Amino acid sequence: MGIQLRGRHLLTFDTWSRQEVDLVLEVAHDLKRRYALGEITELLKHKTLFMIFYEQSTRTRNSLEAAMTQLGGHAHDLTPDKMQLSHGESPKDTARVLSRMGEGIAVRICFYQVGHRYLRELAEYATVPVISMQDDVYHPLQVIADVMTLQEYFGRDLRGLKVAITWAYATTHAKPLSVPQSQILLFPRYGMEVTVAHPPEFPLQRDIVERARARAAEAGVRLEFVDSMEEAVRDADVVIPKNWGGFAYFEEWRDAPEQWEAMKAHLEKYRHWTLTPEIFSLARKHARIMHALPADRGHEVTDDLLDGPHSIIYDEAENRLHTAKAVLALTMGGR
Ligand code: CP
C-alpha cells in the first residue's frame, strides 16, 4: 500500500490522509477478527508504551493497556503525581527521557486551552510516537472507534449516512469538546451528513467549526448547526446525545469562578435537553444510538434508550480496543 505510519504522532486524525485513516480501520477490523479466532498477534513484543493520565479514564486506559498486553508489549499506567511532572518537570525533558526508554508516549490532558498545546510540545521533542488519549480539542482514539462501529452496522461505505450530534444536559461534569469536534472533522471525510444541535451558550470552538465546514465542502456533504435537538434527530440514521461544557462560549477561558458560575446557570436553562424515546422516534426506524461513554444516564439520554435495541454503545466501547491496537501496532511497530 506504500503507507508508512511507523514513528508517526497521533494528536488528531485531521492531519492524517484519508488513506492513512483507512489503513488504521482496515487493520482494526482485521485485528478484531484475529482476536475472535484466538490468534496471538505479538506485533509489539517487548515494547513499552508510557501512558500519562491527567484525568480519569475507564475506556481509554483499559483499551490501551489491554492492547499493549495483547500485542505482546507492556503499558505503564502513570499519573502526574507518580512522576516529576508534579514538581514541574518540562514536557521537553519528559519527552526526551521517555523516548530513550520505550517506544511510545500517550497522554490524556483535557484542561481547556492547555491540553493540546502540551501534547504539541511533547510531540516536538519526543523521538517516539506521541499519541493523544484525549485533550481539550481532539479525541482521535474515540472517533476512530466510532467510524469502525458505524462501518460494522452500516457497511464500509458510509456516504450519505445522516448523523445527529446533539448537545445534552448532564450533571456529572462539564465534559470536553473533543469528542464532537473530532466527529465533525472526520465524519464528513467519510461522506456522512452531520447535523449538530446545541444551545447558543454551548458552542464548539469557532476554528474547529470553520475547519469542519471546509472538510464537508471538500467532500461535498452537508454539515449543519441547529439549536434544537428535535430538528437534528429528525430522519437521522445515527443519534449521538452528548454533553459538553460551555468553555468555547467565552472569548477567553480563564477557569475563573465567575465563568464556572455562568456556565452552571446556562446549563440549568437546558435541563430539558435529554434524548427521550419521544424525541428519538423522530429518527429513522433503523436508527442507532451511540455514546462515547461515560453517559449521564437519565440526563443526557434515558436508560431505556441506552439499554434498548437501537443502542450500539458497547460495540462502540469494545472497538476502542481494536482501533487502539491498530494505531499502536502501526505507529510503534510496522515497517
Ligand atoms: N470515551 C472515553 O474516552 O472514555 P474514558 O473517559 O473512560 O476513557
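All of the numbers you see were taken from the coordinates with simple rules; none came from a lab. These figures come from a predicted structure and were not determined experimentally. Methodologically, a virtual Cβ is constructed for each residue, glycine included, from the backbone with ideal geometry; neighbour enumeration extends over all protein chains shown.
Look at region 310-326 and say how many of its residues are more than 14 Å from the ligand (Cβ to nearest atom) and either closer than 14 Å to Tyr35 by Cβ or assigned to a helix (DSSP H, G or I) (or both).
3
Please go through (1) at positive phi; (2) without any contact (Cβ under 8 Å) to a residue 12 or more places away in the chain for Pro257 and return the number of the only condition it doesn't satisfy.
Every condition holds for Pro257 apart from (1).
Mind counting the residues in region 277-300 that are away from the ligand (no atom under 16 Å from the Cβ) and under 24 Å from the mean Cα position of the chain (by Cα)? Let's see the steps before the verdict.
Of the residues in region 277-300, the ones away from the ligand (no atom under 16 Å from the Cβ) are 277-288, 298-299.
Next cut, under 24 Å from the mean Cα position of the chain (by Cα) only: 280, 283, 287-288, 298-299.
Within region 277-300, residues that are away from the ligand (no atom under 16 Å from the Cβ) and under 24 Å from the mean Cα position of the chain (by Cα) number 6.
Could you identify the single residue in Gln134, Gln142 that is under 23 Å from Leu25 (Cα atoms) and touching a Cys at 6+ places or on another chain (Cβ under 9 Å)? Walk me through it before giving the result.
Values: Gln142 fails: touching a Cys at 6+ places or on another chain (Cβ under 9 Å).
Answer to the selection: Gln134.
Looking at Thr274, Thr302, which one is touching a residue at least 60 places away in the same chain (Cβ under 8 Å), of a type in the set (Ser, Thr, Tyr) and within 19 Å of Ile165 (Cβ to Cβ)?
Values: Thr302 fails: touching a residue at least 60 places away in the same chain (Cβ under 8 Å).
Just a single option satisfies the conditions, and that option is Thr274.
Residue check: is Thr94 surrounded by fewer than 24 Cβ atoms within 10 Å (Cβ to Cβ), out of contact with any helix residue (DSSP H, G or I) (no Cβ under 6 Å at 6 or more places or on another chain) and over 30 Å from Glu261 (Cβ atoms)?
Criteria met by Thr94.
With Leu31, Leu64 as the choices, which residue is out of contact with any strand residue (DSSP E or B) (no Cβ under 9 Å at 6 or more places or on another chain), of a type in the set (A, V, I, L, M, F, W, C) and buried (at least 18 other Cβ atoms within 10 Å of the Cβ)? If you could, list the steps in order and put the result at the bottom.
Values: Leu64 fails: out of contact with any strand residue (DSSP E or B) (no Cβ under 9 Å at 6 or more places or on another chain).
The unique qualifying residue is Leu31.
From the list Ala145, Ala168, Ala214, exactly one residue is of a type in the set (A, V, I, L, M) and free of Cβ contacts under 8 Å to residues at least 12 places away in the same chain. Which is it?
On the way: Ala145 fails: free of Cβ contacts under 8 Å to residues at least 12 places away in the same chain; Ala168 fails: free of Cβ contacts under 8 Å to residues at least 12 places away in the same chain.
The conditions single out Ala214.
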